Amino acid sequence: MSGPTGRDKEARDWLFSLQSRGWRTSLDEMRTAMKMLGDPQLGLKAIHVAGTNGKGSVCAMASSILAAAGKRAGLYTSPHLIDIRERITIDGRQIEEGRLAELTIEIRRVLERGGAPPTELSFFEFVTAIGLMHFAEEKVDAAVLETGFGGRLDATNILPSTVAVITQIGLDHTEYLGNTLEAIAGEKAGIIKEGCGVVSSAGEASAMGVVRRRAHELGCSLIEQGKDFRAVNVRADLSGTSFDYEGTRELGGLKAGLLGKHQAENAATAISACDVLAHQEGFEIKDGDVAKGLLGVSWPGRLEIVSRDPLTILDCAHNPSAVSKAMASLYELGVSPDTIIFAASRDKDYRTNASMLFPKAKRLVLTRYGSKRSIEPETLAEIPEAEGKTRFIAADISEAMEVAKEVTPADESILVIGSVFLVGDALSWLRFGIKGDFSLAGF
C-alpha cells in the first residue's frame, strides 16, 4: 500500500494532528461549523444509527441494500481499520485521496477565516464534516451514518434524521454516557428527532423502554425487534448466516456474508430501516434487492476469516457484551479459540473482557497495538485469568501473528480480539506488511 504524497499527504497529516484535541461534549462548535459551511447535511435523507454493538454492521448492510436497489448510498462509519478513507464511501467506493485533501483544505479555510477565535473542530467532528459535505456534493439518494459513540452529543447528531436506528445497548464509554443501561440508552436515543421513523433492536427491556418513551414523546413511529420484526430460522456456518425475515415484509432464504447468528438480528434491523426509509421517501426496494445487498455486504474485522492454515479469525469486540456475542457465535460455528491474541485500550473494561476470553484458550499471545491508548502486554499478563496459561509476550501484531502461527497446530484456531485498533493493525500487517501506526489508527 503506497501512501499519499505532496498536498494529499500534507492535508492528511494536518487532519490527524487534530487528534490531540480529544472529544467534545457539546454540539455547539459543530453546529457553528456546519452553518459556516452552508449546512450541507440539511438536504440529506439519512438513516442514522446509534447503539453499543451492531451499529456498524447494520450500517454496512443498510447501505448495501440501498445500493442494490439502485440508490446512490453514502456510508459514514468509524473508526477505520487501516485507512481513514474507509469511513466515507459511496456505493462501496472510498472517497478519493485527492477529494479528501480538497475538502480538508476547503473546510479548514472556511473555519479559520470565519471567526475570532476560529472554529476548531475535533478530529471526529472534522471528518464528519468532510463526510457530510462529500455526500451532499455527490447528491447521494440516501446517507447511512454511524454515531461515534453516544448519540445525543455525537457530531453526527446535527443530521435531520429520516430514520433513527438504535441497536443493542450495553455498557461502554461509561465515563461519558453513564453506568446504567437506562442512562446509556438515553444518550443513544438522543438521535431520535421529532416525527422521524424509529427502528430499534436495543435488546434489554430497560433500554427498550427508554427508546420507546423518547419515540412517543416526539411523535415518532416505532418498530421493535422481536415485536414488529425478527429474524427466524437462523442458521450459521463458516460461509455466512442464513435466516428468514418477518416484519416489514416476509422474506425466506436470506443469507448475509457476515459470520455469527447475531448478524441475522443486525440484518433484520437493516432491512427494517431501509423499508421505513423507502416508505417515507416513496421508492421501492424489491425482495431481490434485499437478498443481493445482504449477500454482497462487506464489513471487515467482524468474525473475519483471514487464514485457514490454521484457521485465523479477527473480531473487533472490545466490550463485554460484544465479547460475549463473539464467543457465543464462535462456539455455534464449531470454533474453539485455542490461541488468543489479545490487546486492549487502557480506557476499556479490559479486565472483564480478559476474564471472559482467557479461560477459553489453551494459550495466550499478549501484545499491544500502535497507539498510546494501548495497555502494555506485561500488564495483561498479570490478570488473574492469565495465570496457568501458556503465555507469550509480543511487541506488536506482526510478532504476535508469527508466534501464534508457530505454536498453534494446523487443526486448531487463532482468534485476534480485544480492540478495533488491534484488528486494524492485524489487517494492515496481513494485507500490506505494515506494522501498527498511530497516525492510521485513531478515532
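Scoring Asp315 on the criteria (1) modelled with pLDDT under 95; (2) charged (D, E, K, R); (3) touching a helix residue (DSSP H, G or I) at 6+ places or on another chain (Cβ under 7 Å); (4) not assigned by TED's automatic domain parsing to the domain that holds Ile166 leaves a single failure, condition (1).
Whether a residue is in the same structural domain as Gly252 (by TED's automatic domain parsing) and modelled with pLDDT of 95 or more was assessed, and Asp289 passes this test. Which residues, taken from region 58-75, are of a type outside the set (Lys, Arg) and either out of contact with any strand residue (DSSP E or B) (no Cβ under 6 Å at 6 or more places or on another chain) or farther than 15 Å from Leu145 by Cβ (or both)? Ala60, Met61, Ser64, Ile65, Ala67, Ala68, Ala69, Gly70 - these are the residues of region 58-75 that are of a type outside the set (Lys, Arg) and either out of contact with any strand residue (DSSP E or B) (no Cβ under 6 Å at 6 or more places or on another chain) or farther than 15 Å from Leu145 by Cβ (or both). Determine if region 370-387 includes at least one residue that is on the phi > 0 side of the Ramachandran plot and surrounded by fewer than 16 Cβ atoms within 10 Å (Cβ to Cβ). No: zero hits.
Candidates are the residues of region 404-423 that are surrounded by 18 or more Cβ atoms within 10 Å (Cβ to Cβ) and over 23 Å from Glu86 (Cα atoms); the one that is farthest from the chain's Cα centre (by Cα) is Thr408. Number of residues in region 306-344 that are assigned to a loop (DSSP other than H, G, I, E, B) and under 21 Å from Arg235 (Cα atoms) equals 6. Among the residues making up region 120-146, a single one is among the charged types (D, E, K, R), closer than 24 Å to Thr269 by Cα and surrounded by 23 or more Cβ atoms within 10 Å (Cβ to Cβ): Glu146.
The residues of region 244-256 that are touching a helix residue (DSSP H, G or I) at 6+ places or on another chain (Cβ under 6 Å), at negative phi and not aliphatic (A, V, I, L, M), listed by number, are Tyr245, Thr248, Lys255. In the set (1) in contact (Cβ under 8 Å) with a residue 40 or more places away in the chain; (2) farther than 23 Å from Ala33 by Cβ; (3) assigned to a helix (DSSP H, G or I), the condition left unmet by His216 is number (1). Where the second residue is aliphatic (A, V, I, L, M) and in a loop (DSSP other than H, G, I, E, B) and the first is under 17 Å from Asp315 (Cα atoms) and lies in region 342-353, which pairs have Cβ atoms under 6 Å and are six or more apart or on separate chains? Listed pairs, sorted by first residue: Ala344/Ile375; Tyr350/Ala344. Does Glu246 satisfy the condition of being farther than 21 Å from Val144 by Cβ and at pLDDT 95 or above? Yes: the conditions hold for Glu246.
Just one residue in the set Ala164, Ala101, Ala136, Ala129 is touching a residue at least 40 places away in the same chain (Cβ under 8 Å) and outside any helix (DSSP H, G or I); that residue is Ala164. Comparison of Ala62, Ala101, Ala68 shows that the only residue that is in contact with a helix residue (DSSP H, G or I) (Cβ under 6 Å, 6 or more places away or on another chain), at pLDDT 95 or above and more than 29 Å from Lys193 (Cβ to Cβ) is Ala101. Within the option set Gly150, Gly190, Gly186, being under 30 Å from Arg99 (Cα atoms), outside any strand (DSSP E or B) and touching a Lys or Arg at 6+ places or on another chain (Cβ under 8 Å) holds for one residue only, Gly150. Against the test of being in the same structural domain as Gln168 (by TED's automatic domain parsing) and over 30 Å from Glu112 (Cα atoms), the options Ser64, Ser78 yield a single qualifying residue, Ser64.
Restricting attention to region 242-266, the residues being among the basic types (Lys, Arg), touching a strand residue (DSSP E or B) at 6+ places or on another chain (Cβ under 8 Å) and assigned to a loop (DSSP other than H, G, I, E, B) number 1.
Being buried (at least 16 other Cβ atoms within 10 Å of the Cβ) and closer than 28 Å to Asn179 by Cα is a property that does not hold for Val276. Check whether at least one residue in region 327-350 is crowded, with 19+ Cβ neighbours inside 10 Å, of a type in the set (Phe, Trp, Tyr) and either at pLDDT below 95 or assigned by TED's automatic domain parsing to the domain that holds Thr77 (or both), and report yes or no. Within region 327-350, one or more residues are crowded, with 19+ Cβ neighbours inside 10 Å, of a type in the set (Phe, Trp, Tyr) and either at pLDDT below 95 or assigned by TED's automatic domain parsing to the domain that holds Thr77 (or both). Being among the hydroxyl-bearing types (Ser, Thr, Tyr) and within 30 Å of Tyr245 (Cα to Cα) is a description that does not apply to Ser371.
Restricting to region 45-54, name every residue that is surrounded by 24 or more Cβ atoms within 10 Å (Cβ to Cβ) and either under 18 Å from Asp91 (Cβ atoms) or at pLDDT 95 or above (or both). Ala46, Ile47, His48, Val49, Ala50 - these are the residues of region 45-54 that are surrounded by 24 or more Cβ atoms within 10 Å (Cβ to Cβ) and either under 18 Å from Asp91 (Cβ atoms) or at pLDDT 95 or above (or both). Tell me, yes or no, whether region 15-36 has at least one residue that is free of Cβ contacts under 8 Å to residues at least 24 places away in the same chain, part of a loop (DSSP other than H, G, I, E, B) and not polar (S, T, N, Q). Looking for residues that are free of Cβ contacts under 8 Å to residues at least 24 places away in the same chain, part of a loop (DSSP other than H, G, I, E, B) and not polar (S, T, N, Q), one finds none in region 15-36, hence no.
The values are calculated or read from the model by the stated rules, or taken from the named source; none is laboratory data. The shown structure was predicted, so the numbers you read here are calculated from the model rather than taken from an experiment. FYI the Cβ positions are ideal-geometry reconstructions off the backbone, even for glycines, and counts take in every protein chain you see.
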